[in-house]
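The values are calculated or read from the model by the stated rules, or taken from the named source; none is laboratory data. Quick caveat, the model's predicted, so the values are computed rather than measured. Cβ atoms come from the backbone with ideal geometry, glycine included; neighbour counts cover every protein chain shown. Quick note on the areas: whole protein, heavy atoms, side chains included, nothing else; ligands and nucleic acids left out. Shrake-Rupley method; radii C 1.70, N 1.55, O 1.52, S 1.80 Å.
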Amino acid sequence: MNTTVNELERFSIFVREQILPLILHEGYDSASGLFHERLTRSKQPVNLGYTRLVTQCRQVISCALAAQLY
């Protein structure tokens, strides 16, 4: 059980320190007010020529849930 708790804590830290900032900074287009569909390995947005509603919803929910980690 202790290993599971440690793994969950490490995952929580990873989300707070790595994933959430990535979504909110490189993953968000402040000009359009939308999230990018995809980023390259160098964290640059990929212009696919379209925006999917499912991506927007997923990112909003991810940010809302991640906010509970703080």
Search the range 52-65 for residues that are hydroxyl-bearing (Ser, Thr, Tyr) and pair each with any residue that is surrounded by 13 or more Cβ atoms within 10 Å (Cβ to Cβ) and assigned to a helix (DSSP H, G or I) when their beta-carbon atoms are under 7 Å apart and the residues are at least 6 apart or on different chains.
Ser62/Ile23
Say whether the condition of being assigned to a helix (DSSP H, G or I), hydrophobic (A, V, I, L, M, F, W, C) and either out of contact with any strand residue (DSSP E or B) (no Cβ under 6 Å at 6 or more places or on another chain) or surrounded by 10 or more Cβ atoms within 10 Å (Cβ to Cβ) (or both) is met by at least one residue in the range 30-51.
no
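Yes or no, residue by residue, for (1) among the polar types (S, T, N, Q); (2) at pLDDT 95 or above:
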residue	(1), (2)
Arg10	no, no
Phe14	no, no
Gln18	yes, no
Ser32	yes, no
Leu39	no, yes
Pro45	no, yes
Gln56	yes, yes
Gln68	yes, no
Return the pairs, sorted by first residue and then second, in which the second residue is in a loop (DSSP other than H, G, I, E, B) and small (Gly, Ala, Ser), the first residue lies in the range 22-51 and is within 18 Å of Ala67 (Cβ to Cβ) and without any contact (Cβ under 8 Å) to a residue 40 or more places away in the chain, the beta carbons are less than 8 Å apart, and the residues are 6+ apart or on different chains.
Phe35/Gly27
Listed residues Gln59, Gln18; which is in a helix (DSSP H, G or I) and open to solvent by less than 80 Å² (accessible area, probe 1.4 Å)?
Gln59
